[in-house]
Amino acid sequence: MSISKLTLGLIVAGGLFGCGPNADLVCDASPTAVTTEKVYNDVIKLQCLSCHGLPGTADARKAGDYQSLQVFTSSVVGAASPGYAPLKMVDTDKKLDNSTVWLKLLGDNTTGAGGKKTGPRMPEGGMLNATQLKLVKDWICSGAK
Ligand code: HEC
């Protein structure tokens, strides 16, 4: 086997079997500053309001969360995670593994801080594209301002 094939094999195995820190849960060294308003307009409004927008939609417990930028900000930034305590919705200390909003975008039952699993992937029944995921990651990693 050539060295490059061996290296590739190790990288794939590392990714599959979780050797080393999970890059999805580690902030980049100098993340681009992304505002809450940008995330709301470019991601939340387009992907989340069908269920988290208005009272009476999909899940009454969660409904109304994201109906405006103001409501989204107050129910998410630095707030407790109602369904997945003791995690935060978004940890303003730039901790991806303590932010339910981020963990739920990565996949089903992602393991967060303290081994907490975060249930079904969001948006339920779908998945954000790479650009949208990067925006949300940079937003949290730049302090969710
Ligand atoms: C098709 C409906 C649907 C869509 C679209 C959707 N959600 Fe959800 N979401 C739910 C339901 C139902 C729950 C409650 C069950 C659960 O915790 O998974 C939920 C729960 C959550 C929670 C857990 C809150 C907590 O701590 O209890 C977060 C965070 C969340 N959604 C974020 C999002 C984001 C961000 C988007 C858009 C990218 C999104 N959701 C899109 C239906 C949806």
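Charge tally around residue 132: other residues with Cβ under 13 Å, Lys/Arg +1 each, Asp/Glu -1 each, net +2. Within a straight-line Cα-Cα reach of under 23 Å, residue 38 can be paired with the following lysines, leaving aside sequence neighbours fewer than 8 residues apart in one chain: 62, 88, 94, 95, 104, 134, 137, 145. Seen from residue 117, the other residues with C-beta closer than 11 Å to its C-beta sum to a net charge of +1, counting Lys and Arg as +1 and Asp and Glu as -1. Ratio of Rg to Rh for the stretch 78-130: 0.95 [Cα atoms; Kirkwood radius as inverse mean 1/r over pairs]. Extending 7 Å from Cα along the Cβ direction at residue 41 and again at residue 85 yields two label points whose distance is 3.6 nm.
Bear in mind that the values in this text are calculations on the coordinates, not laboratory data. These numbers were taken from a predicted model, which means no experiment stands behind them. Here Cβ is always computed from backbone atoms with ideal geometry, including for glycine, and neighbour counts include all displayed protein chains.
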